[in-house]
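Asks: Structure in structure tokens, see below.
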Amino acid sequence: MNLHAINAIYRFEMARARRTLTQSIISPVISTSLYFVVFGAAIGSRIPHVDGVSYGSFIVPGLIMLALLTQSIANASFGIYFPRFTGTIYEVLSAPVSYLEIVIAYVGAAATKSIILGLIILATAALFVPLTIQHPLWMLMFLVLTAVTFSLLGFIIGIWADGFEKLQLVPMLIVTPLTFLGGSFYSISMLPPFWQTVTLFNPVVYLVSGFRWSFYGIADVSPALSLGMTFFFLVACIVIVGWIFRTGYRLKP
């Protein structure tokens with residue numbers, strides 16, 4: 001494996017994040033702070049506790065997951081689409097770098113940025129509400145697996161997109177609504193029985209539920225099922241990426 005090539009692409013992508021620090025880090029942190037102000041003050045005063053946890057603390061895993069999903073997709077999709085848009089993708093395709101090494105570098109950089117952002121948001125949340133992490137290793141595992149999975153999804157979107165507007169299509173119209181409807185700001189047990197059943201078809205429910213369980217030991221679905229679904233999404237994305245490189249689907253501008 002060409003570790004030098006992986007390191008070169010990885011460092012280039014991380015350097016791009018440092019050049020756009022306001023967009024990459026500061027903006028999501030400010031957005032999260034606003035969520036705490038709005039939801040914590042407006043809704044938290046009416047819903048003091050959910051499953052024995054204060055509402056402000058309850059929404060922290062959901063806010064982190066929301067930022068993690070959207071930023072993982074955005075970082076990876078833009079990272080691979082922009083070289084296709086400018087034509088510099090030929091430099092990568094003509095270099096002695098395998099497809100596996102390309103994926104590891106781009107997805108690894110996107111996942112790293114998302115994980116760093118998630119930890120920063122976690123630290124920011126601790127300034128607003130009291131936090132406890134009952135299962136820190138599980139929390140880190142869910143954090144890393146989710147970041148890698150949705151960075152792979154972002155990589156797929158970056159290959160599929162043929163315009164900048166399509167980069168935002170899936171995150172804005174699919175991922176963000178699913179996250180809001182996936183128990184990020186409420187427990188699905190608060191819903192009527194019919195809608196509880198419908199919500200279980202939302203894949204984000206399993207991610208948010210497992211992540212919240214690692215904090216407070218409460219979950220809408222079994223933590224084992226959440227972990228299993230996370231691995232299922234990861235494997236599905238790996239299979240799709242493998243198909244892309246086998247067929248050469250839209251790798252060139």
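Asks: Which residue out of 146, 112, 124 is under 15 Å from the mean Cα position of the chain (by Cα), closer than 15 Å to residue 63 by Cβ and polar (S, T, N, Q)?
Replies: Matching residue, one of 146, 112, 124: 146.
Asks: If a residue must be open to solvent by less than 60 Å² (accessible area, probe 1.4 Å), modelled with pLDDT of 75 or more and not in a helix (DSSP H, G or I), how many such residues does the range 42-67 contain?
Replies: 4
Asks: Mind checking whether some residue in the range 166-188 is of a type in the set (D, E, K, R), open to solvent by 50 Å² or more (accessible area, probe 1.4 Å) and not in a helix (DSSP H, G or I)?
Replies: Scanning the range 166-188 turns up no residue that is of a type in the set (D, E, K, R), open to solvent by 50 Å² or more (accessible area, probe 1.4 Å) and not in a helix (DSSP H, G or I).
Asks: Might you check whether a residue that is touching a residue at least 40 places away in the same chain (Cβ under 8 Å), within 21 Å of residue 135 (Cβ to Cβ) and in a loop (DSSP other than H, G, I, E, B) occurs anywhere in the range 200-214?
Replies: Scanning the range 200-214 turns up no residue that is touching a residue at least 40 places away in the same chain (Cβ under 8 Å), within 21 Å of residue 135 (Cβ to Cβ) and in a loop (DSSP other than H, G, I, E, B).
Asks: In the range 68-75, is there at least one residue being free of Cβ contacts under 8 Å to residues at least 60 places away in the same chain and surrounded by fewer than 24 Cβ atoms within 10 Å (Cβ to Cβ)?
Replies: No, every residue in the range 68-75 fails to be free of Cβ contacts under 8 Å to residues at least 60 places away in the same chain and surrounded by fewer than 24 Cβ atoms within 10 Å (Cβ to Cβ).
Asks: Moving to a separate point now. From 148, 37, grab the single residue that is in a helix (DSSP H, G or I) and surrounded by fewer than 16 Cβ atoms within 10 Å (Cβ to Cβ).
Replies: 37
Asks: Between a first residue in the range 131-155 that is under 17 Å from residue 121 (Cβ atoms) and a second residue that is in a loop (DSSP other than H, G, I, E, B), which pairs have beta carbons less than 8 Å apart while being 6 or more apart in sequence or on different chains?
Replies: 139/133
Asks: Inside the range 1-41, can you point out the residues that are small (Gly, Ala, Ser) and either at pLDDT below 70 or under 18 Å from residue 110 (Cβ atoms) (or both)?
Replies: Answer for the range 1-41, where residues must be small (Gly, Ala, Ser) and either at pLDDT below 70 or under 18 Å from residue 110 (Cβ atoms) (or both): 5, 8, 15, 17, 24, 27, 40, 41.
Asks: Can you tell which of 221, 204 is closer than 22 Å to residue 53 by Cβ, buried (at least 20 other Cβ atoms within 10 Å of the Cβ) and of a type in the set (A, V, I, L, M)?
Replies: 204
Asks: Here is a follow-up. Of all residues in the range 95-120, which are touching a residue at least 60 places away in the same chain (Cβ under 8 Å) and open to solvent by less than 10 Å² (accessible area, probe 1.4 Å)?
Replies: 102, 105, 109, 110, 117, listed by residue number.
Asks: Here's something else I'd like to know. List the residue pairs whose Cβ atoms are under 9 Å apart, where the first residue sits in the range 81-94 and is closer than 26 Å to residue 169 by Cα and part of a helix (DSSP H, G or I), the second is open to solvent by 100 Å² or more (accessible area, probe 1.4 Å) and of a type in the set (Phe, Trp, Tyr), and the two are 6 or more positions apart or on different chains.
Replies: Correct list of pairs: 83/90.
The values are calculated or read from the model by the stated rules, or taken from the named source; none is laboratory data. Note that the coordinates shown come from a computational prediction; the quantities given were computed from them, not determined experimentally. For neighbour counting, all protein chains shown are included, and Cβ atoms are generated from backbone atoms with ideal geometry for every residue, glycine included. The accessibility values were calculated without ligands, DNA or RNA, using every heavy atom of the protein model including side chains. Shrake-Rupley method; radii C 1.70, N 1.55, O 1.52, S 1.80 Å.
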